[in-house]
Amino acid sequence: GRDSAGVRLYGRADRRFQRTCRRLTEPETEMSEGKIIAEKDGYVGRVIFDNVAKHNAVSRAMWDSLADTVEAYETDEDVRVIVLEGAGTKAFVSGADISQFDDEHANVDAVKAYGTSVARGYGAVQHAKKPTIAKIRGYCYGGGAGIAICTDIRICSDNSSFCIPAAKLGVGYGPDNTKVLVDLVGPSFAKEIFYTGRRFDAEEARMMGLVNRVVSFDDLDDYVQGYTDMMTANAPLSLRATNLIVNELVKDKEDRDMALCAKLVEDCAGSSDLEEGRRAFMEKRKPVFTGR
């Protein structure tokens, strides 16, 4: 069936069975505290935060692995869309793994190294050339909210909640990360999020523009699958052009790379996918795009 937005809904049992099979057969990157699972599903590259016992709290090693995984998907021609999600049913990411702080914040050098890993993880997601989606179920706090707002599209379940508790911990957010939130929800809501440090429910997040869609807990997997199916069926060069051009347009006018924008449009105009799209339209069939 389809929902009111025309997104195809698939059988949840089938999808869960397929994901279970992949996780049993594909290698995982093990870490001392939590891990990142890289899982390819057709044209979709999945980034799964797996630290279920701690609601998917992220350690420094996981920040590094996040960047490594996204960067690997960027160079993989088979991947057209990147989806970030949390393992289990209770959390996307609940923030930093505080239990690791004795080591990760032991001295000035350790703090700098940790900060570099975090910035690298955020940057890989924020500046990805391929479309990114955060599939959010449950807690999305602190660094988890930071990761989510770096993605292009955020879809959450109706039981999700969001929080950036910096003021409750005495933490100051730097201008780069703060600007991402301000660009997304505006200065007033950004200040409310930081000033209060409170939890916002899914509907409040949607109203602020923090998330694009709120769907039922049970339908989240199928809804996101429907979105990725629509996106991966479209021309990869067009998706890339839109992604990078929008990223340029949100910059200050003097910082925009308009030559890059023109080149991205030219790449689409000179592609075999453009001819395939025209032929498919004339022949009343679905196009088969190759990204060339």
Problem - Residue-wise HN-Hα coupling along the range 118-125, computed from phi with Karplus coefficients 6.51, -1.76, 1.60 (Hz; x: Gly, Pro) - result: 5, 4, 5, x, 4, x, 4, 6
Practice task
Please build a GNM for the chain, connecting alpha carbons under 10 Å apart, and tell me which residue among 72, 57, 128 fluctuates the most.
Solution key: 72
Practice task
Sequence neighbours fewer than 8 away in the same chain don't count; with that in mind, list the aspartates and glutamates whose C-alpha is under 15 Å from residue 168.
Solution key: 192
Problem - Share of carbon and sulfur in the accessible heavy-atom surface of the range 127-270 [1.4 Å probe, %] - result: 56
Handout entry: Cβ crowding within 10 Å averaged over residues, with 225-238, 168-181 ranked highest first
Key = 225-238, 168-181
Problem - Reachable aspartates and glutamates, given that their alpha-carbon falls under 18 Å from the alpha-carbon of residue 112 and they are not under 8 places away in the same chain - result: 64, 97, 102, 103, 104, 176
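Sort 84-97, 206-219, 276-289 by packing, meaning the average of other beta carbons within 10 Å per residue, with the highest value first. Can you show the working numbers first?
On the way: 84-97: 22.5, 206-219: 16.7, 276-289: 12.1.
Ranking, from highest mean packing down: 84-97, 206-219, 276-289.
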Practice task
Using packing as a proxy for protection, rank 147-154, 119-126 so that the peptide with the highest average count of other Cβ atoms within 10 Å comes first.
Solution key: 147-154, 119-126
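So how many Å³ per residue does the convex hull of the Cα atoms of the chain work out to? It would help to have the intermediate numbers written out before the result.
Working: hull volume 43.0 nm³, N = 292.
Roughly 147 Å³ of hull volume per residue.
Expressed in nm to one decimal, what extension gain is obtained for the pair residue 75 and residue 199 from 0.36 nm per residue of sequence separation less their Cα-Cα distance?
Working: separation 124, 0.36 × 124 = 44.64 nm, distance 3.69 nm.
Working it through step by step, the gained length comes to 40.9 nm.
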Handout entry: Å² of accessible area per residue within the chain, as computed with a 1.4 Å probe and no ligands counted
Key = 51
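How large, in percent, is the carbon and sulfur part of the accessible surface of the range 28-99 at a probe radius of 1.4 Å?
Details: 1300 of 2720 Å².
Percent of accessible area from carbon and sulfur atoms in the range 28-99: 48.
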Practice task
Enumerate the aspartates and glutamates that residue 286 could reach by cross-link, defined here as Cα to Cα under 18 Å, with residues fewer than 8 away along the same chain left out.
Solution key: 229, 273, 275, 276
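Just to be sure I understand: of the beta bridges DSSP finds with both ends in the chain, what percent are antiparallel, rounded to 5? Provide the component values of the computation, followed by the final result.
Working: 11 of 34 bridges.
Looking only at bridges with both residues in the chain, the antiparallel portion is about 30 percent.
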Fill in the blank from the handout: If each part is reduced to its alpha-carbon centroid, the range 236-263 and the range 159-181 end up apart, in Å, by 27
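Hey, what D do you get for the range 165-253 in µm²/s if you plug the Kirkwood alpha-carbon radius into Stokes-Einstein at 4 °C and 1.567 mPa s? Provide the component values of the computation, followed by the final result.
Working: Rh = 15.8 Å.
Estimated diffusion coefficient is 82 µm²/s.
Holding the Cα-Cα limit at 32 Å, pick out from 40/90; 191/263; 135/251; 54/130 the pairs that are longer than that. Spell out each step's value before the answer.
Details: 40/90 23 Å; 191/263 37 Å; 135/251 26 Å; 54/130 30 Å.
Correct reply: 191/263.
The values are calculated or read from the model by the stated rules, or taken from the named source; none is laboratory data. All figures in this text were calculated on a predicted structure; none of them were measured in a lab. We place every Cβ from the backbone using ideal geometry, glycine too, and count neighbours over all the protein chains shown. Side chains are part of the model used for accessible areas, which takes the heavy atoms of the whole protein and leaves out ligands, DNA and RNA. Shrake-Rupley method; radii C 1.70, N 1.55, O 1.52, S 1.80 Å.
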